Amino acid sequence: MISFHNPLHHLHAPAHEFFRGNRVDCFEKPARADYVEQALRQAGYELLAPDTDATGALKKVHSQRYLDFLASAWAQWVALDPANTTTQPFPSVWPVRTLRSDVEPANFIAKLGLYSMDNGTPLARGTWEAAKAGADAAASAAMRIAAGAPAAFCCTRPPGHHAGPDFMGGYCFLNNAAVAAQTLLDQGAQRVVVLDVDYHHGNGTQSIFYQRADVLFISIHGDPLTEYPFYLGHADEQGEGAGLGFNLNLPLPAGSSVAKWFAALEAACTRISQYAPDALVVSLGLDTYVGDPISQFALATEDFSTLGRRLAGLGLPTALVLEGGYAATELGANALQVIHGFEA
Ligand code: Q9C
Ligand code: ZN
């Protein structure tokens, strides 16, 4: 399978995040992508550098003011105090119900809150450069399948599926899967499916495409009543306006069995075939793994091969985009199983 990597992912290396009130080492760390790249290279895959500029697609899935903020955020942070180069900004105030989000404040931390859904998405010196190169990698994978390749894999971090039209969240800044889907549409696809199999609901992707019929979004995830992102991902969210009927959420209780998970995958595949899309983008979160430190499903490494085989069975040009997965040392083996299963 054609595979792209993000040669700049190391530039996004925040030192800590918040977990239950404490500052802890980041779960979403550079070693994650390193392990995946290493596993792929050992198995004989070449990792290509991005060859497509995602800027055009980014402007269609994110607001300009959000993109402008993200590109300049680190410089704004350091401008407040030169000593800020050795620390990270975190938001502390958000425009929740009744507060205005149409006026961008001048205060940097207030801007950071405006463009964030949580305080769990640390922004660091090279975040923009890394996230942009990741979006380029996702666009590059989409371009290959648009040009006739049966499948392409995009190994990147930071992940993307929690990033919405104008906000970051859940370790995500730019929505790589949305960029891939938009790129396919821009290359002539009429209908694209984004299937999100990350443990966490892909709220950003859902929100980006919620009113559109040209992208069917389907997500299998831990029930948001108890799992992040909490405020989206319920079964009654079916899309709105022209997008009504083009959003399918399949939440499962935390701790659900592997059999339950694959039953949900079958329901997703049935809907995908009915939609008859031109292409498929998979938000490939591997945090459904039994050993994941922050998630509660139970897939074993061999189950990822079954997933890959089932996805291939849809018979669609497919771009696989890495999302979450925090059992870093096993991430390479798990990603490789999906690819091997797909190619079997
Ligand atoms: N601080 C993805 O898998 N909070 N994001 C977890 C630990 C957010 C996961 C609690 C989890 C977001 C792409
Ligand atoms: Zn996740």
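The figures follow:
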quantity	calculated
C-alpha center-to-center spacing [the stretch 88-145, the stretch 316-344] in angstrom	26
DSSP bridge orientation in the chain - percent antiparallel, rounded to nearest 5	15
P(r) tail fraction, the stretch 55-188 - alpha-carbon pairs more than 20 Å apart, %	46
Choice from VAL36, VAL194, VAL258 showing the highest fluctuation, given a GNM over the chain with Cα pairs closer than 10 Å	VAL258
Neighbour-count order for VAL96, VAL281, fewest beta carbons within 10 angstrom listed first	VAL96, VAL281
Three principal axis lengths of the chain [C-alpha, angstrom, descending]	55, 47, 40
For the stretch 1-23 and the stretch 282-312, distance of Cα centres in Å	20
Efficiency of FRET from Cβ geometry, SER101 and LEU244, R₀ 22 Å, rounded to 0.05	0.30
Stokes-Einstein D for the stretch 116-173, Kirkwood Rh over Cα pairs, 20 °C, 1.002 mPa s (µm²/s)	174
Those aspartates and glutamates that a straight Cα-Cα span of less than 19 Å connects to LYS59, excepting residues fewer than 8 apart in one chain	ASP51, ASP68, ASP102, GLU104, GLU129, ASP136, ASP166, ASP186, ASP214
Helix-only [θ]222 nm of the chain, DSSP H runs n ≥ 4, -39500 (n - 2.57) each, per residue, nearest 500	-11500 deg cm²/dmol
Vicinal HN-Hα couplings computed from phi for the stretch 108-121 (Karplus, 6.51 cos²θ - 1.76 cosθ + 1.60; Hz; Gly/Pro x)	5, 5, 5, 5, 4, x, 4, 9, 10, 9, 7, 9, x, 10
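The numbers here are math on the coordinates, done by the rules we state, and not lab data. Treat the numbers as computed from the prediction; the structure is a model and nothing was measured. No Cβ is skipped: glycine too gets one built from the backbone with ideal geometry, and neighbour counts run over all protein chains shown.
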